[in-house]
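Read the structure below first, then the notes.
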Amino acid sequence: MPPLSGLTRRLVNDQLLNEDQAREAQAKAARSGKALVAQLVEDKLIAPVRLAEVASQEFGTPLLDLNSIEFDFNLVKGLNEKLLREQHALPLYKRGRKLYVALSDPTNLQALDEFKFATGLTTEAILVEEDKLAKAIGAALTQLQTASLGGDVELENLEVEGGEAEAEAGAEISEEDAPVIRYVNKVLIDAITRGASDIHFEPYEKKYRIRYRMDGELHEIASPPVQMAAKLAARLKVMARLDLAERRVPQDGRIKLKLSPVKAIDFRVSTCPTLWGEKIVMRILDSSSALLGIDALGYEPDQKALYLKALARPQGMILVTGPTGSGKTVSLYTGINILNTEDVNISTAEDPVEINLPGINQVNINPKVGLTFAAALRAFLRQDPDVIMVGEIRDLETAEIAVKAAQTGHLVLSTLHTNDAPQTLTRLLNMGVPAYNVASTVSLIIAQRLARKLCPLCKKPEDVPREELLREGFTPEQIDAPDFRLYKAVGCDQCNHGYKGRTGVYQVMPVSDAIARIIMEGGNAIEIADQARKEGIADLRQSALKKVRAGLIDLTEANRVTVE
């Protein structure tokens, strides 16, 4: 039997593993060719964060929380994907001629040598948690693939799913319109590479404007000649297989753009007739956002634990609430993805299906033919479901069937449009759902907003008068803490006016016995909110201020997404 390595010996000495477990993990890692750290995490023998702490102490390598920094894609732009995959390491940041490389295994010195050879820089190891490193590498590989497509794809020959339908509809676009095709394809690829969520094509009397929504805000990126308006609209409608001749009523369609044999991007297309032509808005449906994992969404540890606990229950109802564009769909898909195993039957009713997830039975709502949320729910209940997701509870009929499903041994996930968690309960009561059914079936409510994160490269400390801090909601104890510091947005060439990326701000409220009692007694949202506060549930404002204190967002953003 081979001797224990330095790390496994330390784990045994610290009583985090017994000797048999340590030897078995060491042997499995040797047989599979995996790093020992990856094997220990895969076998769930020790939590990744605890393993990283022990490895840092044993080898004297500095430890960093990957969630606390913003990944700089420029560091991997020229690198080979194979290097990232095989070495299971990621360049984090550069200082002068030194490159700091994230590793989960401090003994992986070969990775440092490989990155040194590839970049010509000296390298130094930074230890990170195995699970977070794996996700970060996956995200970097996706960005690499997308960026390479932007430069390598022939813009005139991008393939759109449904080529026959496109050819039939495309009679109005002649060969001389190839520049229009190329221009539209370039706009779409540019939006993908820049991380936009929506593209707006807007005609006016004397101007045509194209805007991207990035990190929640619209930015004008092009203004082609107004004479191109009709041709651009025609090209987009051809791609979405819409009726070219119909310009008087709104239309909805979908585009699947095949960038390579293994990479495709979906767009949801909406047209609307305006005074000067058809405005077209495209939503970029990024399936990778549903696979980010719950750690990437911005939940606080206690909020994450409450969500996972509710997902582990065999029945009940989880409701996610917030305005349009607040990230409700990603929160729901993340939960569904956690539950998506081969022994669970999951069905979803959505309007429309935004992200295609293998292993899940997804239904597109179509009211024109009678396929409503309520009709889909009735069908699901006859199909032996374990988990049901309803895109939105809009009426009493849908609410009653969803409640019935939750009462008969199914886990139901859905959304509503309310301002916070307590108001969600009163909305159900106002719809006509009996108080007993609300109190007994709803297990968890998540209210959420999306806030723009400060760019870590250019954010600067901000001095705010004490009186204003108190008015904003900070307590004297927080203000007087030695580590209390606020930051403000500045702006650099790596971000959008001082912001880069977004994070969720949440109110995660379980329906406790006390809250259920208030519902049964006919209490209102204010009474429910008071009880939640007594139970230590942070509201949206408190959650936003916590992210301000952590330096993730600024006060301006906290005030934009929450009400004091």
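Data overview
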{"item": "Estimated vicinal HN-Hα couplings, Hz - segment 179-190 in sequence order (Karplus 6.51, -1.76, 1.60; Gly, Pro = x)", "result": "x, 5, 4, 5, 5, 4, 4, 5, 4, 5, 5, 4"}
{"item": "Fraction of beta bridges assigned by DSSP in segment 1-131 that are antiparallel (%, nearest 5)", "result": "40 percent"}
{"item": "Peptides ranked, highest mean first, by Cβ atoms within 10 Å: ranges 114-127, 406-419", "result": "406-419, 114-127"}
{"item": "Surface accessible to a 1.4 Å probe, CYS272 within the full protein complex, Å²", "result": "60 Å²"}
{"item": "Separation of the LEU381 and LYS304 label points, Cα + 7 Å toward Cβ, nm", "result": "3.7 nm"}
{"item": "Free-standing Cys, the chain [no other Cys Cβ under 4.7 Å]", "result": "CYS272"}
{"item": "Ranked order, ASP295, ASP463 - accessible area, probe 1.4 Å, largest first", "result": "ASP463, ASP295"}
{"item": "Nearest-20 debye value, the chain charge dipole, Cβ charges on Lys, Arg, Asp, Glu", "result": "660 debye"}
{"item": "Heavy-atom accessible area order for TYR93, TYR100, TYR212, largest first, 1.4 Å probe", "result": "TYR93, TYR100, TYR212"}
{"item": "Contour minus Cα-Cα distance for ALA264 and ASP72 (0.36 nm per residue)", "result": "66.7 nm"}
{"item": "Over the chain, relative contact order from alpha-carbon pairs under 8 Å, at least 6 apart, %", "result": "9 percent"}
{"item": "Karplus-derived HN-Hα couplings along segment 51-57 (A = 6.51, B = -1.76, C = 1.60, θ = phi - 60°), whole Hz, x at Gly and Pro", "result": "4, 5, 4, 5, 5, 4, 5"}
{"item": "Alpha-carbon centroid distance for the pair segment 341-362 / segment 486-537, whole angstrom", "result": "28 Å"}
{"item": "At q = 0.17, 0.21, 0.25 Å⁻¹, base-10 log of I(q)/I(0) for segment 420-493 (Debye sum, equal scatterers on each alpha carbon)", "result": "-0.80, -0.95, -1.14"}
{"item": "Calculated FRET efficiency for the pair VAL249/VAL54, C-beta based, R₀ 60 Å, to 0.05", "result": "0.40"}
{"item": "The chain, accessible surface, carbon-and-sulfur percent (1.4 angstrom probe)", "result": "49 percent"}
{"item": "Accessible area, probe 1.4 Å, largest first, for residues ARG182, ARG452", "result": "ARG182, ARG452"}
{"item": "In Å², nearest 10: area of ARG427 left accessible to a 1.4 Å probe", "result": "100 Å²"}
{"item": "DSSP bridge orientation in the chain - percent antiparallel, rounded to nearest 5", "result": "65 percent"}
{"item": "Solvent-accessible heavy-atom area per residue, rounded to whole Å², over the chain at 1.4 Å", "result": "49 Å²"}
{"item": "Value at 222 nm in deg cm²/dmol, rounded to 500, when DSSP H runs of n ≥ 4 in the chain each add -39,500 (n - 2.57)", "result": "-12000 deg cm²/dmol"}
{"item": "Dipole moment magnitude, nearest 20 debye, segment 312-443 about Cα centre, only Lys, Arg, Asp, Glu C-beta charged", "result": "240 debye"}
{"item": "Karplus-derived HN-Hα couplings along segment 122-127 (A = 6.51, B = -1.76, C = 1.60, θ = phi - 60°), whole Hz, x at Gly and Pro", "result": "6, 10, 9, 7, 10, 7"}
{"item": "Net lengthening on full extension, THR556/ILE526 (0.36 nm per residue, minus Cα-Cα)", "result": "8.2 nm"}
{"item": "Amide H contacts of LEU92 (H built 1.01 Å from N, under 5 Å, at least 5 apart or other chain)", "result": "TYR100, VAL101, ALA102"}
{"item": "CYS272-ARG9 FRET efficiency (beta carbon distance; Förster radius 56 Å; 0.05 resolution)", "result": "0.25"}
{"item": "Dipole of the chain [Lys/Arg +1, Asp/Glu -1 at C-beta], most positive-end residue of LEU79, ILE515, ASN430", "result": "LEU79"}
{"item": "Accessible surface of THR441 - all protein chains present, 1.4 Å probe, nearest 10 Å²", "result": "0 Å²"}
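The values are calculated or read from the model by the stated rules, or taken from the named source; none is laboratory data. Being a predicted model, the structure only gives us computed values, none of them experimental. All Cβ positions, glycine included, derive from the backbone under ideal geometry; neighbour counts span all protein chains shown. With ligands, DNA and RNA removed, areas are computed over all heavy atoms of the protein, side chains included. Shrake-Rupley method; radii C 1.70, N 1.55, O 1.52, S 1.80 Å.
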